[in-house]
Amino acid sequence: MLTVFMEYKVSPDSIQFYETQMPIVIKELKVCGASNIQWYRAADQPSLYVECFQVKNQAAYDTIKKDRTALEHPVFSKLNECVTGGLEKIHCWAFEKLNTKEDL
């Protein structure tokens, strides 16, 4: 299981449109294999957003990462005009959970 973080800025004049599109984006993420999806707006930077979710494996992560920046994708591409700098400016990372002493 991998935990994925996506971080990006939204153009201030596109925030309303962006926020209306995100429920559709979240549904598409679920179709792509994401679970436990959380969506955040930075408290001190209103145009900075972060998504956090889990995927089962590296292949699912690679596919979602590629699709989120693809201008051809029917759902994810709608955010291109919202994200400052376009979809290529979405920062994406995947993390593996390490066991702590309490987990063992």
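The values are calculated or read from the model by the stated rules, or taken from the named source; none is laboratory data. Here the structure is a predicted model, which means the values were calculated and not measured. Counting neighbours? That spans all protein chains shown, and the Cβs are built from the backbone with ideal geometry, glycine included.
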Within the range 28-44, of all residues that are assigned to a helix (DSSP H, G or I) and without any contact (Cβ under 8 Å) to a residue 24 or more places away in the chain, the one surrounded by the fewest Cβ atoms within 10 Å (Cβ to Cβ) is Val31
Considering the range 1-38 alone, what residues qualify as being among the aliphatic types (A, V, I, L, M) and out of contact with any helix residue (DSSP H, G or I) (no Cβ under 9 Å at 6 or more places or on another chain)?
-> Met1, Ile15, Ile26, Val31
Going through (1) under 24 Å from Met1 (Cα atoms); (2) surrounded by 11 or more Cβ atoms within 10 Å (Cβ to Cβ); (3) without any contact (Cβ under 8 Å) to a residue 60 or more places away in the chain one by one, Arg68 fails only at (3)
Selection count, the range 1-27, where residues are part of a helix (DSSP H, G or I) and of a type in the set (D, E, K, R) | 3
Residue count, the range 63-85, condition within 15 Å of Phe17 (Cα to Cα) and assigned to a loop (DSSP other than H, G, I, E, B), comes to 5
Extreme residue, surrounded by the most Cβ atoms within 10 Å (Cβ to Cβ), among residues of the range 86-104 that are part of a loop (DSSP other than H, G, I, E, B) and modelled with pLDDT under 95 = Lys97
Residue within the range 2-23 that is exposed (fewer than 11 other Cβ atoms within 10 Å of the Cβ) and of a type in the set (A, V, I, L, M, F, W, C) present | no
Any chance Ser47 is hydroxyl-bearing (Ser, Thr, Tyr), under 20 Å from Gly85 (Cβ atoms) and either touching a Gly at 6+ places or on another chain (Cβ under 6 Å) or exposed (fewer than 15 other Cβ atoms within 10 Å of the Cβ) (or both) | no
